[in-house]
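What follows is a single structure, written as structure tokens, with notes after it.
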Amino acid sequence: MVGKISFNPKDVLGRGAGGTFVFRGQFEGRAVAVKRLLRECFGLVRREVQLLQESDRHPNVLRYFCTEHGPQFHYIALELCQASLQEYVESPDLDRWGLEPTTVLQQMMSGLAHLHSLHIVHRDLKPANILMAGPDSQGQGRVVISDFGLCKKLPVGRCSFSLHSGIPGTEGWMAPELLQLPPDSPTSAVDIFSAGCVFYYVLSGGSHPFGESLYRQANILSGDPCLAQLQEETHDKVVALDLVRAMLSLLPQDRPSAGWVLAHPLFWSRAKELQFFQDVSGYSLDTTNL
Ligand code: ADP
Ligand code: MG
């Protein structure tokens, strides 16, 4: 028990960087995840909590409940999730609660568009930081963006951040401009690049557009993604190819915004798609039997 938070140290849900553990626990009688960080990490805790408090009123952002401080550790009570996107993709037996791959990507982008509208750049998007919550009373799962440890709120009137306090992110998922010399002033387009890697990872069932983990970041810098798995002639893959290619553009200014990604035909319903083809072709189809 630490203040209002309790947890079982044997019930580990995950491990993070720098000695961070996440346990299954309770907050005021509610099942939660308890993220435990070392005492030295106070700056990290403050940033994570502050930005979660600012942004968690969105269904696709992890909910924050409370923080407690002990002699050795800080404890953050968070919405309890069932799996990460990595497990969703890599464990075929996992229950998906009705979440199709394109729904997963759409929900992740809705969360990201919300963060960007608040001028928050996540800076560490990757499958381990995208979680699946649920199921709700209708048996439906929900995707949430988590791990705000590297998030950055952009100062008013600025659209870029400096790299003075280090290069944020995880190797293999970082936009090329973060590692460029001389250093550039990166923008929220770094998240679109990482999201593009996640799109390919989900749609291809676990591949990465820049190859095996050892070579990924070097391949990212040379800027030539391999999107072979989107070249198959299935509907979602054909529609996704150009979008993912644009999200992975070497130049940040060539990448689409989160709102633009959400408006892409990959996320259109079949009815909307059909309506579009009718409108541009001038033909009206009899859809009663479709
Ligand atoms: P770090 O900031 O050190 O990367 P994370 O917040 O990403 O830590 O947590 C590490 C791991 O713990 C995640 O990859 C995930 O597997 C698990 N985890 C984190 N938060 C939750 C949660 N709310 N519910 C369930 N599991 C979680
Ligand atoms: Mg993490």
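The values are calculated or read from the model by the stated rules, or taken from the named source; none is laboratory data. Keep in mind that this is a model prediction, so the values were computed, not measured. Reconstructed Cβ throughout: ideal geometry from the backbone, glycine too, with neighbour counts over all protein chains shown. Heads up: the accessible areas ignore ligands, DNA and RNA and are worked out on the full protein's heavy atoms, side chains in. Shrake-Rupley method; radii C 1.70, N 1.55, O 1.52, S 1.80 Å.
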Solvent-accessible area of Glu171 with every protein chain in place, 1.4 Å probe, in Å² to the nearest 10: 130 Å²
Mean shadow area of region 238-288 over all directions, Cα convex hull, nm²: 4.4 nm²
For the chain, built as a Gaussian network whose Cα springs stay under 10 Å, the top-fluctuating residue of Thr234, Thr187, Thr67: Thr234
Quarter of Cα convex hull surface for region 150-283, i.e. mean projection, nm²: 10.2 nm²
Net +/- balance of residues flanking Ala133 in space, Cβ distance below 11 Å, scoring K and R +1, D and E -1: 0
Kirkwood Rh, angstrom, region 35-149 [1 / mean 1/r, Cα pairs]: 14.8 Å
With DNA, RNA and ligands ignored, accessible area of Asp279 (1.4 Å probe; Å², nearest 10): 110 Å²
Rounded to the nearest 20 debye, dipole of the chain from Cβ charges on Lys, Arg, Asp, Glu: 1100 debye
Table column - 3J(HN,Hα) (Hz), region 256-261, Karplus curve with 6.51, -1.76, 1.60, x for Gly and Pro: x, 6, 4, x, 5, 4
Radius 10 Å from Cβ of Val2, net charge of other residues (Lys, Arg +1; Asp, Glu -1): +1
Region 149-217: translational diffusion in µm²/s, Stokes-Einstein, Kirkwood Rh over Cα pairs, 37 °C, 0.692 mPa s: 249 µm²/s
Net lengthening on full extension, His119/Ser222 (0.36 nm per residue, minus Cα-Cα): 34.2 nm
Segment Leu250-Ser281, extension gain: residue separation times 0.36 nm, minus the distance between their alpha carbons: 7.7 nm
Most mobile of Ser222, Ser249, Ser204 in a GNM of the chain (Cα contacts under 10 Å): Ser222
Percent RCO, i.e. relative contact order, over region 199-290, from Cα pairs under 8 Å lying at least 6 residues apart: 17 percent
Table column - 3J(HN,Hα) (Hz), region 140-156, Karplus curve with 6.51, -1.76, 1.60, x for Gly and Pro: 9, x, 8, 9, 10, 7, 10, 6, 8, x, 10, 4, 9, 8, 6, x, 3
The chain: most fluctuating residue of Tyr215, Tyr64, Tyr75 per GNM, C-alpha cutoff 10 Å: Tyr215
Placed amide H near Cys66: partners under 5 Å, 5+ positions off or other chain: Ala77
Calculated diffusion of the chain, Stokes-Einstein form, Kirkwood radius summed over Cα pairs, 4 °C and 1.567 mPa s, µm²/s: 64 µm²/s
Cβ-based net charge around Gly172, under 10 Å, with every Lys or Arg adding one and every Asp or Glu removing one: 0
In Å², nearest 10: area of Asp224 left accessible to a 1.4 Å probe: 120 Å²
Rg/Rh (Cα only; Kirkwood hydrodynamic radius) as it applies to region 100-185: 1.04
